[in-house]
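Notes follow once the structure below has been shown.
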Amino acid sequence: MGFKRARLASVITITSLALALLLAGYFILFSINVNRWIGEKRSQMELEVFFENDVSNAKAKALTAQVQKIPGAGSVVYISKKDAAARFEKEFGRNIYDVLDSNPLPPSCRVKLKSGFQTSAAVQKIVLQIGRIEGVSDVVYEKELLRLIDYYVTWIYIILGGFGAILLFIAVILLYNTIRLTIFARRDIIEIMGLTGATASFIKRPFLIEGFVQGLLGALFAGGLLSLSVSAIRRLLFHSLVMQDNLYFILIGAGIVIGMVSSALSLSRYLDRI
Amino acid sequence: MIEFYNVDLNIDKKTILRDVSFRILKGEFVYLTGASGAGKSTVLRLLYMDLFPDRGTVIIERYSSAKIKDKEIPYLRRQLGVVFQDFKLLPDRNIFDNTAFALRVIGMPGKEIKRRVLRVLTDVNLSHKRNHYPDELSGGEQQRAAIARAVVNNPIAVLADEPTGNLDSDNSLEIMEILQKINQSGTAVLMATHDNELISAFPHRIIEIKEGRVGR
Ligand SMILES: Nc1ncnc2c1ncn2[C@@H]1O[C@H](COP(=O)(O)OP(=O)(O)OP(=O)(O)O)[C@@H](O)[C@H]1O
Ligand SMILES: [Mg+2]
């Protein structure tokens, strides 16, 4: 239908859509990685459960089994008095019997926590339950670190959420306005189509196709730039940057939907009575 | 065929038309006159259902303003050809494509389009300019192209809103002769104008709008 006109406007639309999607991509990439990092920190968390010094090996193993049964406990590793001594030697380079007459290290176990039980509150509950077991003398964990993570995570999510909302708002405004302008530039052709008896769907079709193509192109641009950025960040900054490839498909889907929806929205004011 | 029944129309609480009734018969040629701002263009917009009456009914063939669905409006408009003072040609395509536009938007096959467009361009004496762009044509030629676009789909009526308003008298006469010819082939013509010389040179029935009413 001769949509050669307003090619510049089309370039502007694609560019602003690509920009918006790229920013969204960066935002999601950042969120994925922050999330991953926090998850790692949390899952590295371990509880050290010390038993009474005088319990027998068999009793300590039974206690370990009891700890294992507590909801939220993941993998549990038993550390006998002997293991503890071996560890001591490994860590300090001296045999404990060289220093002391007897082994003062109590038997213990190390408890990893299942995901979902790694927040400060959940950990405190588990620690309390373990502490109640007869024969457990002490439970040690990085209380302060956990508290800090919990504190900052809340803030990180609030900031990320706010930033994302602002980004989305800017993107929609930007896109709505550029598309509105391109359609305004074609109001003559729309008017004449209406006067000569074109149906609304006939008038919409080329604009929707155009929105589709622009959305796709914008998303491909954004995806390309995002992919380049990911490899650059991996090379220069974070070797272990995490990227989920389905993010690219999400960007393409979002681009197409946004392109078509904004076309349809900006058209509707010209087509309200046909 | 075309009827106004007791039509009232207000725009922004201002009364534009009050209790307007008239009828145009099949194949008739009628002038719509009245001072500037009297409501001539408004009557035409009511006919191609770009506006709807606040009271009363507009009827075109089997379509009634009271009952028509949004989806049917395009089909009503295919029965009408509209012509404006400012031509409303699309500057980015030539005269052939401007004329063919009215057929393309209703999905007619290309071969049929070519046949019809060439015939109608010959009727308005423009077939030699079919590859020219609107800005390469005189005002009279542009208006003839607009008329070609209006009649290429064989409408039952042509609605012309001051079609000679931007033209000198020679070009106006040529446009009038073309409208006469179209009318003689059986198409009704409703022409809004306040050019009394043209009206006396080509006498037809007159519907006059005055203070929102039509004299009977
Ligand atoms: N969109 C609008 N908003 C407000 N008022 C309008 C609108 N369209 C028309 N009018 C008013 O309706 C009245 C009739 O307008 P209309 O264009 O039908 O007059 P006309 O007879 O065609 O005049 P002209 O000879 O100057 O073309 C005028 O008073 C005009 O101000
Ligand atoms: Mg007018």
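What to note about this one:
Quick grid of which residues meet (1) more than 14 Å from chain B (Cβ to nearest Cβ); (2) at pLDDT below 90:
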{"site": "A:150", "(1), (2)": "yes, yes"}
{"site": "A:164", "(1), (2)": "yes, yes"}
{"site": "A:169", "(1), (2)": "yes, yes"}
{"site": "A:175", "(1), (2)": "yes, yes"}
{"site": "A:178", "(1), (2)": "yes, yes"}
{"site": "A:185", "(1), (2)": "no, yes"}
{"site": "A:193", "(1), (2)": "no, no"}
{"site": "A:213", "(1), (2)": "yes, no"}
{"site": "A:226", "(1), (2)": "yes, no"}
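- Flag for residue B:99 being within 13 Å of chain A (Cβ to nearest Cβ), under 21 Å from the mean Cα position of the chain (by Cα) and assigned to a helix (DSSP H, G or I): yes
- Count - residues of the stretch B:39-78 that are assigned to a loop (DSSP other than H, G, I, E, B) and either within 8 Å of chain A (Cβ to nearest Cβ) or free of Cβ contacts under 8 Å to residues at least 40 places away in the same chain (or both): 11
- Of the candidates B:197, B:177, B:136, the single residue that is at pLDDT below 95 and more than 16 Å from ligand 2 (Cβ to nearest atom) is B:197.
- With respect to the conditions (1) within 30 Å of residue B:102 (Cβ to Cβ); (2) buried (at least 18 other Cβ atoms within 10 Å of the Cβ), residue A:215 lacks only one, and its number is (1).
- So residue A:152, is it of a type in the set (Phe, Trp, Tyr) and either surrounded by 14 or more Cβ atoms within 10 Å (Cβ to Cβ) or more than 24 Å from residue A:31 (Cα to Cα) (or both): no
- Test result for residue B:160, buried (at least 21 other Cβ atoms within 10 Å of the Cβ), under 17 Å from the mean Cα position of the chain (by Cα) and more than 16 Å from ligand 1 (Cβ to nearest atom): no
- Some residue of the stretch B:18-36 being away from ligand 1 (no atom under 14 Å from the Cβ) and either on the phi > 0 side of the Ramachandran plot or within 14 Å of another protein chain (Cβ to nearest Cβ) (or both): yes
- Among residues that are farther than 17 Å from residue B:143 by Cα, more than 7 Å from every other protein chain (Cβ to nearest Cβ) and in contact (Cβ under 8 Å) with a residue 12 or more places away in the chain, residue B:89 is not included.
- Residue, nearest to the other protein chains (Cβ to nearest Cβ), within the stretch B:102-134, restricted to residues that are of a type outside the set (Val, Ile, Thr) and closer than 25 Å to residue B:41 by Cβ: B:102
The values are calculated or read from the model by the stated rules, or taken from the named source; none is laboratory data. A quick note: this is a predicted structure, and the numbers were derived from the prediction, not measured. Please note: Cβ atoms are built from the backbone with ideal geometry, for glycine as well, and neighbour counts cover all protein chains shown.
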